[in-house]
Amino acid sequence: MRWLVTGGAGYIGAHVVAALGAAGVDPVVVDDLSTGHAGRLPAGVPLVRADVRDGTALAGLFRRHRFDGVIHLAARKDVAESTAHPLRYYGENLDGLRSILAAVTSSGTSSVLFSSSAAVYGTPSRCPVRESDPTAPENVYGRTKLIGEWMLRDAAGSAGFGWCALRYFNVAGAGAPHLRDHGGTNLVPRLLRAAAEGRPATVYGTDYPTPDGTAVRDYVHVADIADAHVRAAVALRHGEVRDEILNVGRGEGASVLQMIAAVAAALGRPLPYSAQHRRAGDPADVVASPARIRDLLGWRARHDLHAIVTSAAAEDRAGPAQKDVPRTAVPEQHPGPRSKNQIKNAQR
Ligand SMILES: NC(=O)c1ccc[n+]([C@@H]2O[C@H](COP(=O)([O-])OP(=O)(O)OC[C@H]3O[C@@H](n4cnc5c(N)ncnc54)[C@H](O)[C@@H]3O)[C@@H](O)[C@H]2O)c1
């Protein structure tokens, strides 16, 4: 099986690529490296550096390969940035998906797996929240994911491909130190950065209606997220799943203060914090019901909170992944259409 992984050099994408490889699936990555790092990719994995909104680049890619499916992770994910720049987020997240779905449709590719998010629920009507519960995203980022699910369903209904949207909850941890999350905004990397810089961690909101007043989330290990992709890809391929939306979470909540305590325990030293006002678009309590993905794909989270935090805090002796410097990945050659001038210059 050969699958295209968009955003495969990103934090979650690189774990998905590694898990696909381990399962005997052949991944090809397209990534513009805007937030990704080529050095996260294993040896021999072809990397096409392109923006997924570039229809010409995608057409060439789909001409060169016959993909069994596409895993579409490439997107922006910063909630605060999405509030400040809504049109950028609608543009990048939805134009990117539309462009991928156009390529899938015209190439007759049979399966699409989409990175959705718990952000589609906003403040859930109940916790643990089920896939059939109402969606009411409270920020632009979450709305781009919900509209993405609708776009996917509509395109699949017309073109006839199978699809699955995975609603990840709060992804954290690392399968290996060089794969960890360098993103600035997710809680665990923020806490680790504060500890490394010797300053207090910022806690946004201490007056939520939760047991300790701080926001509660469902943290799930990125390796478990990657495993869910492999299972969903295989199920799509075998027609066991056709059009499905699945939560991917552990079904257990942890508050920000509990996460601070877990990080402090992993580092072996206290982590002071300073309390700030709540951020716009941050719900109080978001915890998954993972019953459906367990029943359909046999998936369950294998890593607990301790494993999540200690893997995220593990030292990388090789240093952080170098942006844009491929350590092992193979940049794919894609000649594409060339202008007359380019041909003339090349002949000189
Ligand atoms: N991290 C989380 O907790 C979380 C939770 C829910 C959903 N998600 C979703 O999972 C996906 C991956 O998130 P991540 O945490 O790995 O983020 P990330 O920023 O590490 O990865 C995104 C990758 O996509 C690439 N990319 C972005 N825009 C692109 C474009 N237009 N063309 C080509 N490549 C592009 C980036 O270079 C990067 O490699 C995103 O869709 C995100 O919304 C993440």
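Rule-based calculations on the coordinates, nothing more; no lab input. Since the model is a prediction, treat every value here as computed from it, not as a measurement. Don't worry about glycine lacking a Cβ; one is built from the backbone with ideal geometry, like all the others, and counts go over all protein chains shown.
For the range 86-98, the criterion of being in contact with a strand residue (DSSP E or B) (Cβ under 8 Å, 6 or more places away or on another chain) and either more than 9 Å from the ligand (Cβ to nearest atom) or among the basic types (K, R) (or both) is met by at least one residue.
Filtering the range 260-276 to residues that are in contact with a strand residue (DSSP E or B) (Cβ under 7 Å, 6 or more places away or on another chain) and not aromatic (F, W, Y) leaves I260, L271, S274, A275, Q276. Scanning the range 1-48 for residues that are assigned to a strand (DSSP E or B), near the ligand (Cβ under 9 Å from one of its atoms) and surrounded by fewer than 19 Cβ atoms within 10 Å (Cβ to Cβ) yields a total of 0. If you scan the range 65-87, which residues turn out to be farther than 11 Å from L4 by Cβ and outside any loop (DSSP other than H, G, I, E, B)? Once the filter is applied, which keeps residues that are farther than 11 Å from L4 by Cβ and outside any loop (DSSP other than H, G, I, E, B), the range 65-87 yields V79, A80, E81, S82, T83, A84, P86, L87.
Out of the residues in the range 49-67 meeting the condition of being among the charged types (D, E, K, R) and farther than 14 Å from G96 by Cα, tell me which one is nearest to the ligand (Cβ to nearest atom). Across the range 49-67, the extreme among qualifying residues is R49.
Restricting attention to the range 201-253 and to residues that are basic (K, R) and in contact with a Leu (Cβ under 9 Å, 6 or more places away or on another chain), the residue that is nearest to the ligand (Cβ to nearest atom) turns out to be R217. For the range 116-149, filtered to residues that are free of Cβ contacts under 8 Å to residues at least 40 places away in the same chain and more than 16 Å from the ligand (Cβ to nearest atom), the residue that is surrounded by the fewest Cβ atoms within 10 Å (Cβ to Cβ) is S132.
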